[in-house]
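Right, one structure below, let's go through it.
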Amino acid sequence: MEWCVSMPKIELHAHLNGSIRDSTLLELARDLGEKGAIVFSDVEHVILKNDRSLSEVFKLFDLIHILTTDHKTVTRITKEVIEDFAADNVVYLELRTTPKRNDSKGMSKRSYVEAVLDGIRSVNVVEVDLSHKLNMDTSAYSHAMNDVCDGTGSKKIYVRLLLSIDRRETAEAAMETVKLALEMRDFGVVGIDLSGNPSVGEWLSFFPALEFARKQGLPITLHCGEVPNPDEIRAMLDFLPRRIGHACCFGDDEWKLLKELKIPVEICLTSNIRTETIASVDVHHFADLYESNHPLILCTDDAGVFSTSLSAEYMLASSTFGLGKRDMFQLAEKAIEFIFACDKVKRDLKMIYTTALTELN
Ligand code: 6MZ
């Protein structure tokens, strides 16, 4: 396990509200319980439960959102999530989250994203690269980073944001998210994700927003095939997203199309097993994709909800599919090709892997 932890890793599919520490969720629930807003004993076991079906996971997200929906908490969880990924030697993190409007808290989609950005900027146990434009400015942020980066060789993590559209949202709300992402491009937002309960909503209703994003040059990743829905899967693949997440319930025709189109797949082993989207890890489509040299990236999905980490996902893939240290290193490095950040970041990451390779030998 140790080499999986020490290896530099790239995380491209992590939902902010799914990656919260259990201890933080319990603390937030206790606080709300004391205020009489919820009954703590009713939610404690829900937070600590480990095996959940896919539909139960979305019920848990509804609870998590009750616990996290104010600016201060959004900032706090963002900071902690980044610290946790950095501690696991994730060197590049594309964190995704759904901008939420909550009038009772004076929260707009924009102020939600600003609270997330505040969380990223408040990380101080590790150097954070959020945006090259920002770093070049003599902003308060880069000053704070200089204090941390004092030549002692402290760790660094690149963090970029994807704004998610939840399948429950209206077409207008989806368009609002895309416009927000465009406005926030200089502040670390690099793309759009479509996620949420796959049994809810019509993918096509988001087509105008997604098409607009693409025309404006924003890369898109789609949750695709978490439940059997061949028409939707085919339409999503025909849309040619830059990446897709999961790809669990594909039939033969959809596999063929995916492989022809060579669309990279974000693979979340533990998530798929826990939600029983895939019967067991040894029959996971990772093996087929890996053997056919199809582009794939190992990811956590919801490290908090599924009690996992990116190192644990690497370890699971290594032990299940008989892949050695060197294979796993190559898999990690290959993810550089599929990140949504600019070429400068790709070059920086290549250097990190070149250095790490000499240590591996
Ligand atoms: C689909 C998922 C998901 O955006 O509030 N989300 N969507 N499939 C999954 N597989 C288990 N896991 C998480 O993070 C939580 C939100 O991410 C999406 C859901 O919309 C969930 O409400 P944010 O930070």
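Can you confirm whether the stretch 23-41 contains a residue that is closer than 30 Å to Leu296 by Cα and under 24 Å from the mean Cα position of the chain (by Cα)?
Step one: of the stretch 23-41, the residues closer than 30 Å to Leu296 by Cα are none.
Checked the stretch 23-41: no residue is closer than 30 Å to Leu296 by Cα and under 24 Å from the mean Cα position of the chain (by Cα).
Given the residues Asp238, Asp253, which is the only one that is under 26 Å from Lys334 (Cα atoms) and exposed (fewer than 14 other Cβ atoms within 10 Å of the Cβ)?
Working: Asp253 fails: under 26 Å from Lys334 (Cα atoms).
The match here is Asp238.
Can you tell me which residue among Asp348, Asp282, Asp288, Asp327 is open to solvent by 20 Å² or more (accessible area, probe 1.4 Å), of a type in the set (Asp, Glu), closer than 15 Å to His246 by Cβ and assigned to a helix (DSSP H, G or I)? Working first, answer last.
Working: Asp348 fails: closer than 15 Å to His246 by Cβ; Asp282 fails: closer than 15 Å to His246 by Cβ; Asp327 fails: closer than 15 Å to His246 by Cβ.
Result: Asp288 is the single residue among Asp348, Asp282, Asp288, Asp327 that is open to solvent by 20 Å² or more (accessible area, probe 1.4 Å), of a type in the set (Asp, Glu), closer than 15 Å to His246 by Cβ and assigned to a helix (DSSP H, G or I).
Got a sec? Which helices (runs of 4 or more DSSP H) wholly within the stretch 1-112 have at least 2 residues that are within 13 Å of the ligand (Cβ to nearest atom)? Let's see the steps before the verdict.
Numbers: elements: 2-6, 22-34, 40-48, 54-68, 71-87.
Answer list for the stretch 1-112: 54-68, 71-87.
Of (1) outside any helix (DSSP H, G or I); (2) in contact with a Leu (Cβ under 6 Å, 6 or more places away or on another chain), Leu257 satisfies all except one. Which?
(1)
Could you tell me whether any residue of the stretch 203-210 is of a type outside the set (A, V, I, L, M), within 13 Å of the ligand (Cβ to nearest atom), within 16 Å of the chain's Cα centre (by Cα) and not in a loop (DSSP other than H, G, I, E, B)?
Checked against the condition, which is being of a type outside the set (A, V, I, L, M), within 13 Å of the ligand (Cβ to nearest atom), within 16 Å of the chain's Cα centre (by Cα) and not in a loop (DSSP other than H, G, I, E, B), the stretch 203-210 yields no hits at all.
Of all the residues that make up the stretch 181-202, how many are part of a helix (DSSP H, G or I) and within 16 Å of the ligand (Cβ to nearest atom)? Don't jump to the end; show me each part of the working.
We begin by selecting, within the stretch 181-202, every residue part of a helix (DSSP H, G or I); these are 181-183, 185-187.
Then keep just the ones that are within 16 Å of the ligand (Cβ to nearest atom); that gives 181.
Total satisfying the criteria: 1.
For Ile273, state whether it is within 13 Å of the ligand (Cβ to nearest atom), surrounded by fewer than 23 Cβ atoms within 10 Å (Cβ to Cβ) and in a loop (DSSP other than H, G, I, E, B). Let's see the steps before the verdict.
Numbers: within 13 Å of the ligand (Cβ to nearest atom): yes; surrounded by fewer than 23 Cβ atoms within 10 Å (Cβ to Cβ): yes; in a loop (DSSP other than H, G, I, E, B): no.
The answer is no for Ile273.
Of everything in the stretch 205-220, what is surrounded by fewer than 18 Cβ atoms within 10 Å (Cβ to Cβ) and either in contact with a Ser or Thr (Cβ under 6 Å, 6 or more places away or on another chain) or under 24 Å from Val57 (Cβ atoms) (or both)? Give them in sequence order.
Ser205
From the set of residues in the stretch 313-323 that are touching a helix residue (DSSP H, G or I) at 6+ places or on another chain (Cβ under 7 Å) and over 16 Å from Val265 (Cα atoms), which is surrounded by the fewest Cβ atoms within 10 Å (Cβ to Cβ)? If you could, list the steps in order and put the result at the bottom.
Applying the first criterion (touching a helix residue (DSSP H, G or I) at 6+ places or on another chain (Cβ under 7 Å)) to the stretch 313-323 yields 313-318, 320-321, 323.
Still in the running and over 16 Å from Val265 (Cα atoms): 315-316, 318, 320-321, 323.
Numbers: Met315: 18, Leu316: 19, Ser318: 19, Thr320: 15, Phe321: 17, Leu323: 18.
Among them, the one singled out is Thr320.
Would you check which residues across the stretch 226-239 are more than 16 Å from the ligand (Cβ to nearest atom), among the hydrophobic types (A, V, I, L, M, F, W, C) and out of contact with any strand residue (DSSP E or B) (no Cβ under 9 Å at 6 or more places or on another chain) and list them?
Here is the first cut: in the stretch 226-239, the ones more than 16 Å from the ligand (Cβ to nearest atom) are 230-231, 234-235, 237-239.
Filter once more, keeping what is among the hydrophobic types (A, V, I, L, M, F, W, C): 235, 237, 239.
Once the filter is applied, which keeps residues that are more than 16 Å from the ligand (Cβ to nearest atom), among the hydrophobic types (A, V, I, L, M, F, W, C) and out of contact with any strand residue (DSSP E or B) (no Cβ under 9 Å at 6 or more places or on another chain), the stretch 226-239 yields only Ala235.
Step by step: first the residues of the stretch 96-116, then only those that are within 18 Å of Gly191 (Cβ to Cβ) and of a type in the set (Lys, Arg), then the one that is surrounded by the most Cβ atoms within 10 Å (Cβ to Cβ). Which residue is that?
Narrowing the stretch 96-116 to residues within 18 Å of Gly191 (Cβ to Cβ): 96-99, 109-110, 112-113, 116.
Now restrict to residues that are of a type in the set (Lys, Arg): 96, 109-110.
Working: Arg96: 23, Lys109: 19, Arg110: 15.
Once the filter is applied, the top-ranked residue is Arg96.
Against the definition (among the polar types (S, T, N, Q) and either open to solvent by 60 Å² or more (accessible area, probe 1.4 Å) or touching a His at 6+ places or on another chain (Cβ under 7 Å) (or both)), how does Thr355 come out, yes or no? Working first, answer last.
Working: among the polar types (S, T, N, Q): yes; either open to solvent by 60 Å² or more (accessible area, probe 1.4 Å) or touching a His at 6+ places or on another chain (Cβ under 7 Å) (or both): yes.
So Thr355 fits the description; yes.
The values are calculated or read from the model by the stated rules, or taken from the named source; none is laboratory data. The structure displayed is predicted, hence computed values, not measured ones. Note that we place each Cβ from the backbone using ideal geometry, even for glycine, and neighbour counts take in every protein chain shown. Only protein heavy atoms, including side chains, enter the accessible area calculation; ligands, DNA and RNA are left aside. Shrake-Rupley method; radii C 1.70, N 1.55, O 1.52, S 1.80 Å.
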